[in-house]
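A.B. asks: Dropping the structure in here first, questions after.
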Amino acid sequence: MFADLGSHIRLGHEAHPSIITYFDLLLDDPSFSDRADVILQFGRRCVSKKLQKWITTSACNHYIVVEDYPDRLDPEHNVT
């Protein structure tokens, strides 16, 4: 699980070993680049430009955004 800069889940990540807070280097690794089958995003648009670019260029089957607001903020039109 990637915790973006704007996510409150980043706080206290030591208790959650499955949360990756520094994912920029991982996204630069070519062997990792196309591994997502599904992207599940909680909340608004990501703060990290590198993560947003990876989501945009990812060849995932499903990109799902869960948020409290009825408006759809998807400028790249990637949400399935």
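The values are calculated or read from the model by the stated rules, or taken from the named source; none is laboratory data. Given the structure is predicted, the values throughout are model-derived calculations rather than measurements. All accessible areas refer to the heavy atoms of the entire protein, side chains included, with ligands and DNA or RNA removed. Shrake-Rupley method; radii C 1.70, N 1.55, O 1.52, S 1.80 Å.
A.B. asks: Looking at 48, 31, 58, can you tell me which residue is among the small types (Gly, Ala, Ser) and at pLDDT 80 or above?
C.D. replies: Sole residue among the options that is among the small types (Gly, Ala, Ser) and at pLDDT 80 or above: 48.
A.B. asks: Is one or more of the residues making up the stretch 10-26 part of a helix (DSSP H, G or I), at pLDDT 80 or above and open to solvent by less than 100 Å² (accessible area, probe 1.4 Å)?
C.D. replies: First, pick out the residues of the stretch 10-26 that are part of a helix (DSSP H, G or I): 10, 13-15, 24-26.
From what is left, the residues that are at pLDDT 80 or above are 24-26.
This time we only want the ones that are open to solvent by less than 100 Å² (accessible area, probe 1.4 Å), so: 24, 26.
Checking the stretch 10-26: at least one residue is part of a helix (DSSP H, G or I), at pLDDT 80 or above and open to solvent by less than 100 Å² (accessible area, probe 1.4 Å).
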